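K.L.:
Attaching a single structure in structure tokens format; questions to follow.
The values are calculated or read from the model by the stated rules, or taken from the named source; none is laboratory data. These numbers come from a predicted model, not from an experiment. We place every Cβ from the backbone using ideal geometry, glycine too, and count neighbours over all the protein chains shown. Please note that ligands, DNA and RNA were not included when accessible areas were found on the heavy atoms of the full protein model with its side chains. Shrake-Rupley method; radii C 1.70, N 1.55, O 1.52, S 1.80 Å.
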Amino acid sequence: MNRKKVIIGLSGGIDSAASAYRLQSEGYEVIGVTFNFLNAETTINAARLVAEKMDIEHHVLEAQNEFQKKVIDPFVAGYQRGETPNPCLLCNQNMKFKLLRDFATINGDAMIATGHYAEVRQHEGAYQLWASANPHKDQSYFLYHLEQEILGRLLFPLNAVTSKEEVRKEILSLLPELAQGAESQGICFIPKKGHGLFLKEAVFGNNPTAPGNFVDTTGKILGKHPGIHHFTPGQTRGLGINSSHRLAVVEVIPATNTVVLDEEVNLYQNRILVDALVIQSPEGLPETGFTFKTCRWGHEYEGRIERLPGTQAIVHSQVPVRAPAPGQALVFFKGRQVLGGGIIKRF
């Protein structure tokens with residue numbers, strides 16, 4: 001493997017630009033790659049500008065059809081099942097890192113890099129994924145699935161960054177307009193503040209967007225909702241139901257156009273079913289002695305794992321977990337080391 005040549009995912013944003021700048025400063029031959037997932041000329045032009053400023057080779061890889069099949073379609077299908085899928089996880093798992101690896105392999109068997117906030121360590125001949133030293137920016141939750149073959153050639157130049165301001169100052173002289181820019185947030189293929197509209201049009205079509213029933217866990221009708229695309233498990237706001245107890249969404253059922261409500265206290269669970277289990281750590285996953293998260297910014301819980309046949313397992317939490325959402329990831333940690341993860345399913 002060519003360890004002084006690196007292919008970096010260049011999005012045109014501040015993190016990937018700073019990562020490319022750091023690698024170049026360290027003596028790497030840097031080649032930028034921008035994925036055209038959405039016919040996004042703005043993104044491509046921004047990445048091209050970064051490459052020009054740094055005088056590095058730049059390629060645009062067309063992947064719109066693959067992005068539709070491997071990210072958007074599964075995202076839509078998950079919502080149609082009443083789940084809450086994570087498109088960033090789908091993209092990292094099915095698209096970005098595999099495309100980077102493939103491009104690097106045919107371009108001098110190079111290393112690969114991204115602007116993610118995480119860390120790769122080598123221990124006893126194997127590679128470990130660690131959370132970033134900056135807990136406020138850590139993105140390891142989205143990367144638990146990375147295989148040894150990818151980790152072995154992967155660089156995270158921002159792994160030790162302690163603040164966003166440090167990144168901004170680093171590229172201020174090179175790209176002042178980028179250094180002052182806002183951070184990108186949200187889902188890339190959904191317009192800002194357009195989540196409900198996207199779900200209405202792309203996920204639920206013309207049928208289930210009409211008003212339907214709020215029901216309790218026994219099926220009793222509690223009221224009317226304006227369309228199930230407005231609701232997700234765990235939600236407490238915008239229900240419009242008078243009750244002496246604080247209510248929350250337990251389940252969304254597209255087949256019957258219903259939203260199931262229950263007292264919020266009943267959303268807390270000590271047992272969580274996960275599927276598509278991936279053990280990222282070469283040392284394996286112990287039965288106990290780990291923590292886990294059910295969302296990127298969520299609390300870390302202590303737990304015990306009960307392995308089931310195939311790729312399923314039940315995670316037992318010492319402290320009840322609020323509304324673990326089917327379709328989201330559950331990720332295991334030991335300190336900052338990522339041990340693996342899986343997708344939360346409904347019992």
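K.L.:
In the neighborhood of residue 141, defined by Cβ-to-Cβ distances under 14 Å, what is the net charge if each Lys or Arg adds +1 and each Asp or Glu adds -1?
P.N.:
Neighbour charge sum, excluding residue 141 itself: +1.
K.L.:
Please compute the net charge surrounding residue 74, taking Lys and Arg as +1 and Asp and Glu as -1 over other residues with Cβ under 11 Å from its Cβ.
P.N.:
+1
K.L.:
Another one. Using the charge dipole of the range 204-347 (Lys, Arg: +1 at Cβ; Asp, Glu: -1 at Cβ; taken about the Cα centre), state which of 313, 326, 228 has its Cα farthest towards the positive end.
P.N.:
Farthest towards the positive end: 228.
K.L.:
With a 1.4 Å probe and every protein chain kept in, tell me what percent of the accessible surface of the chain is carbon plus sulfur.
P.N.:
49
K.L.:
What aspartates and glutamates sit close enough to residue 5 to cross-link, taking a C-alpha to C-alpha distance under 14 Å and skipping anything fewer than 8 places away on the same chain?
P.N.:
26, 29, 57, 109
K.L.:
Filter 53/137; 293/334; 224/345; 293/345 down to the pairs with a C-alpha to C-alpha distance above 23 Å, please.
P.N.:
In this structure, 53/137; 224/345 exceed 23 Å between Cα atoms.
K.L.:
Restricting to the chain, what percent of DSSP beta bridges are antiparallel, rounded to 5?
P.N.:
Within the chain, antiparallel bridges account for around 70 percent of the total.
K.L.:
If each residue of separation counts as 0.36 nm, what is the full-extension length gain between residue 253 and residue 68 once their alpha-carbon separation is subtracted?
P.N.:
Gain in length upon complete extension: 64.2 nm.
K.L.:
OK, next. Counting Lys and Arg as +1 and Asp and Glu as -1, each charge on the Cβ, what is the dipole of the chain about the Cα centre in debye, to the nearest 20?
P.N.:
560
K.L.:
May I pose another question? What is the range 295-347 by shape, rounded, prolate or oblate, if you read a ≥ b ≥ c off the alpha carbon gyration tensor as root eigenvalues and call it rounded for a/c under 1.5, prolate for a/b larger than b/c, and oblate otherwise?
P.N.:
Since a/c stays below 1.5, the shape of the range 295-347 is classed as rounded.
K.L.:
Using R₀ = 41 Å, calculate the FRET efficiency as 1/(1 + (r/R₀)^6) where r is the Cβ-Cβ separation of residue 217 and residue 49; round to 0.05.
P.N.:
So the FRET efficiency works out to roughly 0.15.
K.L.:
Testing the spin-label approximation: label points 7 Å from Cα along Cα→Cβ at residue 319 and residue 123. State their distance in nm.
P.N.:
2.4
K.L.:
Hey, can you find the accessible area per residue of the range 241-329 for me, probe 1.4 Å, expressed in square angstrom?
P.N.:
Heavy-atom SASA per residue in the range 241-329 reads 50 Å².
K.L.:
OK, next. Got a sec? Charge dipole of the chain, +1 on Cβ for Lys and Arg, -1 for Asp and Glu; which of 27, 133, 268 is way out at the positive end?
P.N.:
Checked the options; the winner is 268.
K.L.:
If packing is taken as the average number of other Cβ atoms within 10 Å across a peptide's residues, how do 138-148, 272-282 rank, most packed first?
P.N.:
Taking the mean over residues of other Cβ atoms within 10 Å, the ranking is 138-148, 272-282.
K.L.:
Return one number: the angle in degrees, 0 to 90 and rounded to the nearest 10, between the long axis of the Cα atoms of helix 14-25 and the longest principal axis of the Cα atoms of the chain.
P.N.:
Helix 14-25 and the main axis of the chain meet at about 30 degrees.
K.L.:
Shape call for the chain from the C-alpha gyration tensor, a ≥ b ≥ c root eigenvalues: rounded (a/c under 1.5), prolate (a/b greater than b/c) or oblate?
P.N.:
Prolate.
K.L.:
Related question: Answer rounded, prolate or oblate for the range 16-152, using the Cα gyration tensor with square roots of eigenvalues a ≥ b ≥ c: rounded when a/c is under 1.5, else prolate when a/b is larger than b/c, else oblate.
P.N.:
Since a/c reaches 1.5 but b/c is at least a/b, the shape of the range 16-152 is classed as oblate.
K.L.:
Just to be sure I understand the model, the point goes 7 Å from the Cα along the line to the Cβ. What's the resulting residue 162 to residue 4 distance in nm?
P.N.:
3.2
K.L.:
For the range 16-109, what does the accessible surface come to per residue with a 1.4 Å probe? Please give it in Å².
P.N.:
In whole numbers, the range 16-109 has 45 Å² accessible per residue.
K.L.:
State, to one decimal in nm, how far the label point of residue 102 lies from the label point of residue 299, with both points 7 Å from Cα in the Cβ direction.
P.N.:
4.2
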